[in-house]
Amino acid sequence: MSEIKVEFTLNDNKESVVVPAEERLLDTLRERFDLTGTKEGCGVGECGACTVILDGEAVNSCLVPTAQVDGRQVRTVEGLAEGDELDPLQQSFIDHQAVQCGFCTPGMLMSARALLDKNTSPTEEEIKTALDGNLCRCTGYKQIVDAVEAAAKKEERE
Amino acid sequence: MKKDISFYHCEELDAALKLLAEDNNLKPIAGGTDLMVEMRNDENFQENISGLLDITALEELQGITVKENHINIGALVTHQEIVNSEVLQEKYSALVAAAAAIGSTQIRNRGTIGGNVCNAAACADTLGPLIAFEADALLESYAGERVVPAADLVTRPYQTVIRDDELLKCFRLPLPAADTFSNFQKIGRRQALAITRISLALVAQIADGMVKQVKVVPGSTTPVPEPFAGVEARIRDRKIADLKPAEIAAAASEEMVSITGERWSTPYKKPALETLVTRALVQLKEVADNE
């Protein structure tokens with residue numbers, strides 16, 4: 001049985017896991033770490049529900065073999081809030097009613113987080129580009145874009 | 001139960017090439033945006049390989065480097081790195097536009113130019129511009145290096161001349177002449193995450209209101225992207241003001257049919273290609289007018 005030992009940082013914690021070569025980061029997060037906030041939608045990199053932040057970049061965790069994240073930093077939606085305090089993006093999604101069924105929300109949040117970590121005052125167009133790999137089938141995108149815009153403004157003020 | 005496969009992570013190019021020389025069933029993996037989908041969709045994928053070779057740490061395959069007469073784009077350069085590169089924006093805007101039109105932010109963050117070309121889908125967006133800019137591909141194996149023009153890399157859809165023991169190291173693009181216009185056009189079903197239905201790369205060297213050199217490479221129109229020599233002949237050594245976009249566009253769709261024959265998709269592709277050729281030429285004329 002060929003198994004690969006992978007050591008990586010997951011939401012600021014050092015973790016170690018042994019996985020088969022083909023295991024997807026998505027499955028490792030959900031099945032081995034019970035981090036079920038990361039969702040599987042399409043499984044082929046089109047819907048963005050499985051988006052996590054890998055070394056600062058938004059990626060589809062369904063397309064990343066876990067064996068490739070050795071030595072790297074992974075952040076999931078569970079790593080956004082600090083204790084009971086929500087990330088400004090999470091609060092803003094609530095305030096702007098940018099959540100309906102919620103399935104796409106973790107991916108939306110991670111794409112938006114990756115954007116705001118690099119660009120503190122994005123334009124509407126930049127927000128839309130950052131979210132272009134995240135599909136929502138019920139809320140509609142306006143509230144989501146509004147929520148990201150408001151969170152960016154709030155973070156800039158603070 | 002799927003077959004066990006191994007996973008190698010190499011830090012040194014030599015070590016990676018040695019592994020490939022010893023085992024030609026090893027599959028190199030970089031961004032994984034095509035490969036992971038293939039592994040999921042093809043039940044037999046794992047049966048047919050011995051393992052994955054993670055090449056993401058190989059320094060020789062990374063980065064965009066400017067040399068005296070050319071620019072090297074490493075095979076591992078992601079689409080997003082191409083989009084962000086100031087030097088590529090300035091000199092190879094058609095390539096930047098092609099990379100920007102690929103997939104989504106998540107895909108552009110992981111997908112590489114090397115993977116886009118090696119996967120060799122007929123709709124691969126970056127190959128057309130690479131051919132239009134007359135790029136060469138540097139291939140390396142444990143036995144040595146060879147250079148293949150980008151135009152000769154792909155032999156048919158999903159098939160390249162790259163051997164199982166070789167890695168694509170980088171693309172070498174000659175520096176374009178000062179007054180070079182380049183343009184990329186694409187039709188997809190929607191703006192984001194759209195597989196290209198049809199695309200076009202046009203690179204023209206302009207001097208004194210004339211087109212000196214020109215490359216016109218449509219994508220997704222022929223089994224493998226190739227320069228349309230007949231179209232180029234109608235543009236080269238002509239005054240830009242005299243170019244008639246509609247006539248040249250009609251010649252382009254005729255040239256396409258002469259390569260592919262009449263297919264079920266031809267009634268769509270003819271007007272679509274004509275539109276892209278017209279759009280690119282209109283932009284060329286606008287740029288020339290403003291000079």
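The values are calculated or read from the model by the stated rules, or taken from the named source; none is laboratory data. None of the values given here were measured: they were computed from a predicted structure. For neighbour counting, all protein chains shown are included, and Cβ atoms are generated from backbone atoms with ideal geometry for every residue, glycine included. Accessible surface areas use protein heavy atoms only, side chains included; no ligands, DNA or RNA. Shrake-Rupley method; radii C 1.70, N 1.55, O 1.52, S 1.80 Å.
Observations on the model:
- In this structure, the pairs whose alpha-carbon distance is over 20 Å, taken from B:Lys67/B:Lys169; B:Lys215/B:Lys239; B:Lys18/B:Lys169; B:Lys169/B:Lys215; A:Lys128/A:Lys153; B:Lys244/B:Lys270, are B:Lys169/B:Lys215.
- Ranking A:Phe8, B:Phe184 from most to least accessible surface, computed with a 1.4 Å probe over the protein chains only, gives B:Phe184, A:Phe8.
- As a fraction of the 1.4 Å probe accessible area of chain B, surface on carbon and sulfur atoms comes out at 45 percent.
- For a label point 7 Å along the Cα-to-beta-carbon line of B:Asn84, residues of the range B:96-122 with backbone N under 12 Å: B:109-110
- 10 Å Cβ shell holding at most 15 others, DSSP loop, trypsin sites (Lys or Arg not before Pro): longest site-free stretch of chain B: B:68-162
- Protein accessible surface hidden between A and B, which excludes ligands and nucleic acids, total in Å², probe 1.4 Å: 2300
- Among the protein heavy atoms, those of B:Val224 account for about 20 Å² of accessible surface (1.4 Å probe, every chain in place).
- Per-residue ellipticity at 222 nm computed for chain B from its helices equals -10000 deg cm²/dmol, with DSSP H segments shorter than 4 residues left out and the rest contributing -39,500 (n - 2.57).
- Per atom type, the range A:3-79 shows carbon and sulfur on 38% of its accessible surface, probed at 1.4 Å.
- Spread over its residues, the convex hull of the C-alpha atoms of the protein assembly as shown is 162 Å³ per residue.
- Note that the range B:185-291 presents 50 Å² accessible area per residue, ligands and nucleic acids not counted, probe 1.4 Å.
- Exposure rank, largest accessible area first [B:His70, B:His9; 1.4 Å]: B:His9, B:His70
- Solvent-accessible surface (1.4 angstrom probe) belonging to B:Tyr8, in square angstrom, nearest 10: 80
- Most mobile of A:Ala130, A:Ala21, A:Ala147 in a GNM of chain A (Cα contacts under 10 Å): A:Ala21
- Taking chain A as a Gaussian network of alpha-carbon nodes connected by springs under 10 Å, the highest mean-square fluctuation of the residues A:Phe93, A:Phe33, A:Phe103 belongs to A:Phe33.
- Förster radius 22 Å - calculated FRET efficiency between B:Asp152 and B:Ile259, Cβ distance, rounded to 0.05: 0.85
- Remark: the range A:88-157 is approximated by an ellipsoid whose semi-axes, taken from the C-alpha gyration tensor as √(5λ), come to 17, 13, 10 Å, largest first.
- Cα-based Kirkwood hydrodynamic radius, the range A:3-79, one decimal, Å: 12.0
- Simple point charges give the picture: +1 on the Cβ of Lys and Arg, -1 on the Cβ of Asp and Glu, and for the range B:238-278 a dipole about the Cα centre of about 100 debye.
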